[in-house]
Structure formats: structure tokens, C-alpha cells
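The values are calculated or read from the model by the stated rules, or taken from the named source; none is laboratory data. Source: prediction; values computed, not measured. No Cβ is skipped: glycine too gets one built from the backbone with ideal geometry, and neighbour counts run over all protein chains shown. Side chains are part of the model used for accessible areas, which takes the heavy atoms of the whole protein and leaves out ligands, DNA and RNA. Shrake-Rupley method; radii C 1.70, N 1.55, O 1.52, S 1.80 Å.
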Amino acid sequence: MAQALVLFALLATSFTSADPAVRIGATSMAHVIDMRLLAPFANAAAFTGFMLAASTAWGFFRNWWVLAKFAITLVQLYAGIFILSAALQRSVEAAAAGQPTPPLPQLVGTALMASAIAFQAWLSIAKPWRRTPWAAGPKPPTAPNWIFATAVAAPLIDIATGLALGFPSPLCQLIVLTTRLIGRRRELRPRLPNSPRRQPVDAHRAASDQQLDHHRESS
């Protein structure tokens, strides 16, 4: 949230300043913050949210407020990576060519992103609305502690890797999240009450019980 507001302040300075040097500097710094801070931490925030949903009883589709946060997060990731960051890159290139352009679309988009983050924070606190129709099934189990430790370690590894490479690299987070989703799918897979191996044993026990009951009645 704070990083999105800093990005908004820099873009607002670039949009309102009459000094070309100030506009170029503000746009360039906005691009640096977007690539070095906002992008990796946004990936980490989305990853930890997905891991909490996949590792606790909340799930992804059991509550409307969780489902709303999930949808907003996906929109934010797409808009931030493919729209706002690309637009900022074009603004920086135009500024380097001596043609600073007013970043009005980026300014509006950043304001919407910050507002969406604030709305998500409210959803986490208020937890409004009822459960979804998909909440009728059994409650998902909570993952073991090492899963949550992995959810903390993976973003740190990716942030360090991104700083070394010069661009965001959420590879470790993607691997951990994919592995966890596969594990959760196996956990939620319905189990048969009696496996084929246990059926003969259960039949033998039932026959024994019947013989015992018959012997008690005759005696």
C-alpha cells in the first residue's frame, strides 16, 4: 500500500510539474520503484495470500470475500505487469528521448491499484457476505507448519534473486505454490470408506459376529 502511494506521488509530480527535468526525474524514479520494490513485493503479497488460502480451512471458493480478494489479486497482477509497468517503460523511453509525456493513464491506474489494495485490507478485517455454494463440502485441513515456513522463505529467496538479476523473478514462489496446490488437491480427494483389501476381512468379521450371536441365542 505504501509503495503504491509513493508511486502515485511520483507520477502526480511528473504530471503536474512544469519543469521538464522534474518530470523526467519523477517518471524515472517511479519506474525504478515499480521494478525494484513494487513488483517483487506485490508478487510476494499475492503468493502469501494464495498459500494461506491453499493451506488453511479458508480455501479459495468457500467465502465470497476470499473469492473477491482472489479475483482482485489476479486483476492487479495482470494490470501491474502487462499494463502499468509497460506504460511506465514507454514513458521512461520517451523521457530519455527528450519527449516527456504526461503519465495520466499510469496516474489513474496507480490510484485504482492503491484503492483496490485498501479495499482488500477492509475485506480481510470485515469478512463480509455469506459463504459461497461451494462451502457445503468438508472443511479443508490446515497444512503442517513446514508449509508456512516455506511460504515465508520462498519470497525472500525470490526477492534476493531479483535484486541480483535486476528484474523480478518469482520462480521459487511459483514452484512452491504449484506443489502446494497439487498437495491440497490430493488432500481433498474423496476417499472410499472401505478399500478392496479390507472387504474380505470385514466380511470374515461379520460372519464371526453372526456365529457368536447365534451361539448366544442357542445357549
Using the heavy atoms of the protein chains alone and a 1.4 angstrom probe, what is the accessible area of region 3-90 per residue in square angstrom? 47
Note: Ala153 to Leu74 extended length (0.36 nm per residue) minus current alpha-carbon separation gives 26.2 nm
On full extension of the chain, what length is gained from Trp129 through Leu188, given 0.36 nm per residue of separation minus the C-alpha to C-alpha distance? 18.8 nm
Percent of accessible area on region 71-142 owned by carbon and sulfur, 1.4 Å probe? 69
Would you mind pulling out the separation of the Cα centroids of region 135-152 and region 1-79, in Å? 26
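For Ala164 and Gln3, what is the calculated FRET efficiency with R₀ set at 25 Å and r taken between the beta-carbons, to the nearest 0.05? Intermediate values should be presented prior to the final figure.
Working: r = 20 Å, r/R0 = 0.81.
Computed FRET efficiency for Ala164 and Gln3 comes out at 0.80.
For every other residue with a beta carbon closer than 14 angstrom to the beta carbon of Thr179, add +1 if it is Lys or Arg and -1 if Asp or Glu, then tell me the sum. Kindly include the intermediate steps, with their values, before the conclusion.
On the way: positive: Arg180, Arg184, Arg185, Arg186; negative: Glu187.
Neighbourhood net charge equals +3.
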Could you please put Lys127, Lys139 in sequence from largest to smallest accessible area, using a 1.4 Å probe? Lys139, Lys127
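Gain in length, Thr16 to Ile83, computed as 0.36 nm per residue apart minus the alpha-carbon separation, to one decimal in nm?
21.9 nm
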Assign unit charges at the C-beta atoms only (+1 for Lys and Arg, -1 for Asp and Glu), then state the dipole size of region 64-173 relative to its Cα centre in Debye, rounded to the nearest 20. 560
